[in-house]
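Below is one structure, written out as structure tokens; comments come after it.
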Amino acid sequence: MRIRAVPGWPPCCISMTAMMRIVGANVLFAALTATAACGVGGDDGGMPPQPPPIDDGEICSATLAITNGTFAPGTTPRPTDPDTGLPITGCWPVGTWTFSATVDSNMCQTTPAVLPSYSFKVERMPAPDGGSDTVQVITNLTSVGSMQFHLKVSENGQGCEADFELGSADGTHYWNMQPTLAKDPGVTTLAGGGDYVLYKGNGWPWN
């Protein structure tokens, strides 16, 4: 219903329709302003969207088990404890490590190939600077053909653990054999495991 101005009324008085239009416009503007303010940052509290996970190129993997592992002590004996006069316990990898490997579990369509046996030798050699210290030298005794390889021996809670890593020439196939040698003197057997990974591209970690 339209209410018109009556002669003699103050000139500020306007029709009810006009008043409703003004009020409606103000409500609409307030609603739009509130919507825009709430939309800043979305529902995540203003945090930017997280990027998708990076594809490392891994196609499949398998786990390996060390079998027939033997350790032949080298010519450099363990250091002696000056208090007891006995060889110290702990990691002393000096000697020849020989072992085989089998596929324990496989997630690949084709069972990964393993070599008939693996072997390497750890020695203590005089330091290059001519001092009294010695350095650890590891020599690969395994015929690996055109494959890449990397050898490392370190101490862990059990004794010594080796990483005998092999990769195909193009880096798409990767094996890491991890034989372990118990820390007690006189132990001549190796245990441990390993893993295999098939990559889409060159996954060799030592490039």
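Which residue, of SER100, SER146, is of a type outside the set (A, V, I, L, M, F, W, C), touching a Leu at 6+ places or on another chain (Cβ under 9 Å) and at pLDDT 95 or above?
After applying the criteria, what remains is SER100.
With respect to (1) under 24 Å from ALA62 (Cα atoms); (2) in contact with a Phe, Trp or Tyr (Cβ under 9 Å, 6 or more places away or on another chain), the lone exception for LYS121 is condition (1). Of all residues in segment 61-108, those satisfying the criterion of being among the charged types (D, E, K, R) and either buried (at least 16 other Cβ atoms within 10 Å of the Cβ) or in a loop (DSSP other than H, G, I, E, B) (or both) are ARG78, ASP81, ASP83. Taken over segment 108-139, the criterion of being more than 29 Å from the chain's Cα centre (by Cα) and modelled with pLDDT of 95 or more is satisfied by GLU123 alone.
Return the residues of segment 117-153 that are within 14 Å of TRP97 (Cα to Cα) and either of a type outside the set (A, V, I, L, M, F, W, C) or outside the structural domain of VAL187 (by TED's automatic domain parsing) (or both); say none if nothing qualifies.
Within segment 117-153, SER117, TYR118, SER119, LYS121, GLU123, THR139, ASN140, THR142, LYS152 meet the criteria.
Residues that are out of contact with any helix residue (DSSP H, G or I) (no Cβ under 9 Å at 6 or more places or on another chain), of a type in the set (A, V, I, L, M, F, W, C), within 22 Å of GLY74 (Cα to Cα) and not in a strand (DSSP E or B) occur at least once in segment 176-197.
Restricting segment 113-133 to residues that are part of a strand (DSSP E or B) and touching a residue at least 12 places away in the same chain (Cβ under 8 Å), which is surrounded by the most Cβ atoms within 10 Å (Cβ to Cβ)? Step by step, filter segment 113-133, then rank; the result is TYR118.
The values are calculated or read from the model by the stated rules, or taken from the named source; none is laboratory data. These figures come from a predicted structure and were not determined experimentally. In this analysis, Cβ positions are derived from the backbone assuming ideal geometry, glycine residues included, and neighbour counts consider all displayed protein chains.
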